[in-house]
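Note sheet for the following structure.
Just so it is clear, none of the values below were taken in a lab; they were calculated from the coordinates. Quick caveat: nothing in here was measured; it's all calculated off a predicted structure. Note: ideal-geometry Cβ built from the backbone for every residue, glycine included; neighbour counts use all protein chains shown.
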Amino acid sequence: EQRGRTLSDPRWQVVGEDGSRLSYADYPAYRALRSGRAETALLGVEHPTGERRWLQVKAQPIAEAGELRYVVVSFSDVTAAHETQERLGREAHFRRTLLEVVTAS
């Protein structure tokens with residue numbers, strides 16, 4: 001559904017790894033243009049229905065005749081891996097908490 005749209009499309013909300021809304025200046029493409037270096041980020045893209053997909057975004061600046069002209073951006077949907085990592089983190093926290101309760105008795 002994102003094909004042919006930009007991340008600045010108001011129907012989509014873009015959040016950083018911590019879940020806070022991302023400003024356009026923090027998008028990897030803009031950071032790559034400012035720094036002149038490749039930039040990578042994990043971004044959450046929220047569909048108007050509330051569904052969130054996690055994207056690994058890589059932005060590579062391209063120079064022509066020594067001048068920065070373009071940024072090529074690639075997106076990889078990493079939602080399944082991100083959700084698995086989140087679940088494993090919650091399970092590990094639960095196990096640590098349970099162990100603390102059991103050993104404190």
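Give the calculated FRET efficiency between Glu46 and Ala104 to the nearest 0.05, with a Förster radius of 30 Å applied to their Cβ-Cβ distance. Before the final figure, lay out the partial values.
Details: r = 40 Å, r/R0 = 1.34.
Efficiency, from the Cβ-Cβ distance: 0.15.
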Query raised in the report: Can you give the calculated 222 nm mean residue ellipticity of the chain, where each DSSP H run of n ≥ 4 adds -39,500 (n - 2.57) and the sum is split over every residue, rounded to the nearest 500 deg cm²/dmol?
Result: -11000 deg cm²/dmol
Report summary line: Label model pair Glu17, Ala80: point-to-point distance (7 angstrom along the Cα→beta-carbon line) in nm is 2.2 nm
Report summary line: Helix 79-104 sits off the longest principal axis of the Cα atoms of the chain, rounded to the nearest 10 on a 0 to 90 degree scale, by 30 degrees
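Please compute the contact order of the chain in relative form: average sequence separation of alpha-carbon pairs under 8 Å and at least six residues apart, divided by the residue count, as a percent. Don't skip to the end; give the middle numbers.
Working: 138 pairs, mean separation 19.7, N = 105.
Relative contact order, the chain: 19 percent.
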Query raised in the report: If you take the square roots of the eigenvalues of the alpha-carbon gyration tensor of the chain and sort them as a ≥ b ≥ c, do you get rounded (a/c under 1.5), prolate (a/b over b/c) or oblate?
Result: prolate
